[in-house]
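Chemist: Structure below; questions to follow.
The values are calculated or read from the model by the stated rules, or taken from the named source; none is laboratory data. Owing to the predicted nature of the structure, the values given are computational and were not obtained by experimental measurement. Cβ coordinates were reconstructed from backbone atoms using ideal geometry, including for glycine residues, and neighbour counts include every protein chain displayed. Protein only, heavy atoms only, side chains kept; ligands, DNA and RNA dropped before computing areas. Shrake-Rupley method; radii C 1.70, N 1.55, O 1.52, S 1.80 Å.
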Amino acid sequence: AKPLRFRAGGFAALRKKLGLSGAEMGKLIGVSLQTIYHWERGQSKPRAEQLARIAQVRKLGKRAAMEQLGA
């Protein structure tokens, strides 16, 4: 499997593209708003299992992301 990479700017762009707040993105990935904030500013990096969840979120569109939040 290809190693998962993480870029703070790319992560912030993904969240904006999906139209999600930091709290909603955190809920999808299973982390706090504070964690999302730190990732987007490059103050910390996600762990391996969090990178896997981010990869799953990357495959979602706006509608699918909202459906997952509602479920």
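Chemist: Hey, if we sort Phe6, Phe11 by accessible area with the 1.4 Å probe, largest down, what's the order?
Modeler: Greatest to least solvent exposure: Phe6, Phe11.
Chemist: Which whole-number value in Å² is the accessible area per residue of the stretch 22-71, probe 1.4 Å? Show your work: numbers first, answer last.
Modeler: On the way: 3300 Å² over 50 residues.
Accessible area per residue, the stretch 22-71: 66 Å².
Chemist: Residue by residue through the stretch 26-41, what is 3J(HN,Hα) from phi via Karplus (6.51 cos²θ - 1.76 cosθ + 1.60, θ = phi - 60°)? Round to whole Hz and write x for glycine and proline.
Modeler: Running phi through 6.51 cos²θ - 1.76 cosθ + 1.60 with θ = phi - 60° gives x, 5, 5, 8, x, 10, 7, 4, 4, 5, 4, 4, 5, 4, 5, 9 Hz.
Chemist: Sum up the charges of everything whose Cβ sits under 12 Å from the Cβ of Met25, counting Lys and Arg as +1 and Asp and Glu as -1, but leave Met25 out.
Modeler: Spelling it out: positives minus negatives among the neighbours equals +4.
Chemist: In whole percent, how big is the carbon plus sulfur part of the accessible area of the chain, probe 1.4 Å, protein atoms only?
Modeler: Carbon and sulfur together cover 52 percent of it.
Chemist: Still on this model: Take a quick pass over the chain and tell me how many lysine pairs come in under 21 angstrom between Cα atoms, counting only ones 8 or more apart or on separate chains.
Modeler: Step by step, the pairs that qualify in the chain add up to 14.
Chemist: Could you tally the net charge around Ile36, taking each other residue with its Cβ under 13 Å from the Cβ of Ile36, Lys/Arg +1 and Asp/Glu -1?
Modeler: +4
Chemist: Next question, about the same structure. Once the piece of chain linking Ala48 and Ser21 is laid out straight, how much longer is it, given 0.36 nm per residue of separation minus the C-alpha distance between them?
Modeler: Residue separation times 0.36 nm, minus the Cα-Cα distance, leaves 7.4 nm.
Chemist: Quick one: compute the contact order of the stretch 19-71, relative version, from alpha carbon pairs under 8 angstrom and 6+ residues apart, as a percent.
Modeler: 36
Chemist: Mean residue ellipticity at 222 nm from the helices of the chain, using -39,500 (n - 2.57) per DSSP H segment of n ≥ 4 over the full residue count, to the nearest 500 deg cm²/dmol?
Modeler: Theoretical 222 nm ellipticity from helices: -18500 deg cm²/dmol.
Chemist: From the P(r) of the chain, could you give the percentage of C-alpha pairs in the tail past 20 Å? The partial results should precede the final answer.
Modeler: On the way: 472 of 2485 pairs.
That tail contains 19 percent of the Cα-Cα pairs.
Chemist: Report the full-extension gain for the segment Tyr37 to Gln56: residue separation times 0.36 nm, less the Cα-Cα distance, to one decimal in nm.
Modeler: Details: separation 19, 0.36 × 19 = 6.84 nm, distance 1.95 nm.
Residue separation times 0.36 nm, minus the Cα-Cα distance, leaves 4.9 nm.
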